[in-house]
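Let me begin by presenting the structure, written as structure tokens, before commenting on it.
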Amino acid sequence: MAGTGVFAEILDGDVYKYYADGEWKKSSSGKAVAIINPTTRKTQYKVQACTQEEVNKAMESAKTAQKSWAKTPLWKRAELLHKASAILKEHRAPVAECLVKEIAKPAKDAASEVVRSGDLVSYCAEEGVRILGEGKFLVSDSFPGNERTKYCLTSKIPLGVILAIPPFNYPVNLAVSKIAPALIAGNSLVLKPPTQGAVSALHMVHCFHLAGFPKGLISCVTGKGSEIGDFLTMHPGVNCISFTGGDTGIAISKKAGMIPLQMELGGKDACIVLEDADLDLVAANIIKGGFSYSGQRCTAVKVVLVMESVADVLVEKVKAKVAELTVGAPEDDCDITPVVSESSANFIEGLVKDAKEKGATFCQEYKRDGNLIWPLLLDNIRPDMRIAWEEPFGPVLPVIRINSIEEGINHCNASNFGLQGCVFTKDVNKAILISDAMETGTVQINSAPARGPDHFPFQGLKDSGIGSQGITNSINMMTKIKSTVINLPTPSYTMG
Ligand SMILES: NC(=O)C1=CN([C@@H]2O[C@H](COP(=O)(O)OP(=O)(O)OC[C@H]3O[C@@H](n4cnc5c(N)ncnc54)[C@H](OP(=O)(O)O)[C@@H]3O)[C@@H](O)[C@H]2O)C=CC1
Ligand SMILES: O=C(O)[C@H](O)COP(=O)(O)O
């Protein structure tokens, strides 16, 4: 159970401690931040509201710890990560329990997020050993005017202290996707977990603590982003920010200093459906892509752009599947569970009302109870409706009927987002042309958008982000290149 057994030391009374200097601590602020259970809408957990002084201390320890960590052999860093992965997977139940209670993730998805995270950590350890164990050797005579008098050796070196800020919807997986690459590459890390999801993250961090990482190398400071966020992101001790979330990331990018940024932000992933598509496959993917975790995935299908000639059939097929979705509590592993907060539910409702006023066709009756919103398919959406462009982050999916492929591509490209998209057709040549024309970081052919598997490159264009994630890209992003040039007094050519 959460906060018991090996996790008892992370709890003080009813407030979870924060983690710094290899210890679990109470904040001197004496203040706690409440985490509201989206299902009961009552306080489920409390975490420390860390002070600026505590953030300063965590940054100082991270800086010191990083210097010796960078001199720790790569195989040893990997060994500790493998250990943390095993401990995390062993304790999947209490961590998953927190995900159920604080972000209303369906029980099975919560458990698979934890297992996926353990696998990510192990894969990252292996990939790090491979790619960080190799550098480059260049010779000077390939560039005009040079003889072979210079040998250039390049290696990948750590950046220093990485600040990791994940969002509420994958508070464990999107935290370890930053922690593991940072650590294998020889960096230290300060984690600011999302408030909804903080307790899951604290449990996960304890698994790293139990694995025996050096003190100060990892810290986890809790508190509201709106209160300590700016202090963290503008902190002079931070050498790189890896952030996943919404528009907050755009503001952070403007405020951060001259440091590398990895930003994975919102999306409005379009699903383009051509006349020749396998409509059963499309319907199944729209359900999975649009409604899993109640649409609260950056990679959720957020607008369907279907050719008019097949729209009626597709909408009927999707409607039939929507009717089969179970709605209720995450503990019961329902498909549709309450969205993360009341303000999120209100925002979604605003989009639904706007669509109603402007004449959208409701395929189901709109129904809401507290934070629980029943799945809703909205047909005949037009570009003047907010939901044609905005990201609901909830179980409401708009359908726009199109008369040409160009119309679909144009709608997709007119969005300020450019995360992923997908196209359904049996014609692979057409699919490639459409994929090339879509201004998004990834296009899936004949499947719904997805970030995973976690080693695939994952990136957004436009307001959807900066840089690329995925295990290999994150390791590379959290390093820089150092060259050492050996200058020879006379040219030397290696003979066979
Ligand atoms: N592209 C991608 O990979 C993904 C993108 N997303 C996007 O994230 C959004 C939903 O997630 P949500 O958690 O609500 O996103 P937010 O942007 O609201 O929050 C993300 C994180 O930023 C923190 N934060 C808030 N204010 C600040 C600040 N001023 N400075 C620093 N950090 C701050 C939050 O902390 P606190 O919780 O304490 O406010 C949280 O940890 C959606 O737009 C979704 O598309 C989500 C997942 C993946
Ligand atoms: O936040 C998200 O939406 C995740 O990055 C999605 O991950 P998935 O597509 O692999 O579920």
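Every condition in (1) assigned to a strand (DSSP E or B); (2) touching a residue at least 24 places away in the same chain (Cβ under 8 Å); (3) surrounded by 13 or more Cβ atoms within 10 Å (Cβ to Cβ) holds for I486 except the one numbered (3). Here G467 meets the list (1) of a type outside the set (V, I, T); (2) within 13 Å of ligand 2 (Cβ to nearest atom); (3) over 28 Å from K353 (Cβ atoms); (4) crowded, with 16+ Cβ neighbours inside 10 Å almost entirely, failing just condition (2). Within this structure, I475 fails the test of being in a strand (DSSP E or B) and either in contact with a helix residue (DSSP H, G or I) (Cβ under 7 Å, 6 or more places away or on another chain) or not aromatic (F, W, Y) (or both). No other residue among F213, F243, F168, F231 is in contact with a strand residue (DSSP E or B) (Cβ under 7 Å, 6 or more places away or on another chain) and aromatic (F, W, Y) apart from F243. Collect the residues in segment 1-54 that are within 25 Å of the chain's Cα centre (by Cα) and of a type in the set (S, T, N, Q), keeping them in residue-number order. Hits for segment 1-54 are N37, T39, Q44, Q48. Scanning segment 242-262 for residues being of a type outside the set (S, T, N, Q) and within 13 Å of ligand 2 (Cβ to nearest atom) gives a total of 4. Within segment 111-145, restricting attention to residues that are β-branched (V, I, T) and buried (at least 19 other Cβ atoms within 10 Å of the Cβ), which residue is nearest to V199 (Cα to Cα)? Applying the filter and picking the extreme gives V114.
Screening segment 455-464 for residues that are within 14 Å of ligand 2 (Cβ to nearest atom) and either of a type in the set (K, R) or part of a strand (DSSP E or B) (or both) and picking the one that is surrounded by the fewest Cβ atoms within 10 Å (Cβ to Cβ) gives Q459. Select from segment 288-303 the residues that are part of a helix (DSSP H, G or I) and touching a helix residue (DSSP H, G or I) at 6+ places or on another chain (Cβ under 8 Å) and write down the one among them that is farthest from ligand 1 (Cβ to nearest atom). Taking the candidates together, the pick is F291.
For the condition modelled with pLDDT of 95 or more, of a type in the set (G, A, S), more than 30 Å from N371 (Cβ to Cβ) and surrounded by fewer than 20 Cβ atoms within 10 Å (Cβ to Cβ), what is the one hit in A34, A65, A70?
A70
Among the residues making up segment 286-326, those that are over 18 Å from V273 (Cβ atoms), of a type outside the set (S, T, N, Q) and surrounded by 18 or more Cβ atoms within 10 Å (Cβ to Cβ) are Y293, G295, R297, C298. Within segment 476-492, identify whether any single residue is in contact with a Phe, Trp or Tyr (Cβ under 8 Å, 6 or more places away or on another chain) and in the same structural domain as A283 (by the TED database), and answer yes or no. Within segment 476-492, none of the residues are in contact with a Phe, Trp or Tyr (Cβ under 8 Å, 6 or more places away or on another chain) and in the same structural domain as A283 (by the TED database). The set of residues in segment 1-22 that are of a type in the set (A, V, I, L, M, F, W, C) and assigned to a strand (DSSP E or B) comprises L11, V15, A20. Only one of the listed residues (V443, V428, V485, V423) is more than 12 Å from ligand 1 (Cβ to nearest atom) and either under 22 Å from the mean Cα position of the chain (by Cα) or at positive phi (or both). That residue is V443.
When the helices (runs of 4 or more DSSP H) confined to segment 194-285 are screened for residues that are within 11 Å of ligand 1 (Cβ to nearest atom) and surrounded by fewer than 24 Cβ atoms within 10 Å (Cβ to Cβ), those reaching at least 3 such residues are found at 225-233, 248-255.
Can you pull out every residue in segment 314-339 that is part of a helix (DSSP H, G or I) and of a type in the set (D, E)?
E316, E324, E331, D332
The values are calculated or read from the model by the stated rules, or taken from the named source; none is laboratory data. Worth saying up front: this structure is predicted, and the values here are computed from it rather than measured. Cβ atoms come from the backbone with ideal geometry, glycine included; neighbour counts cover every protein chain shown.
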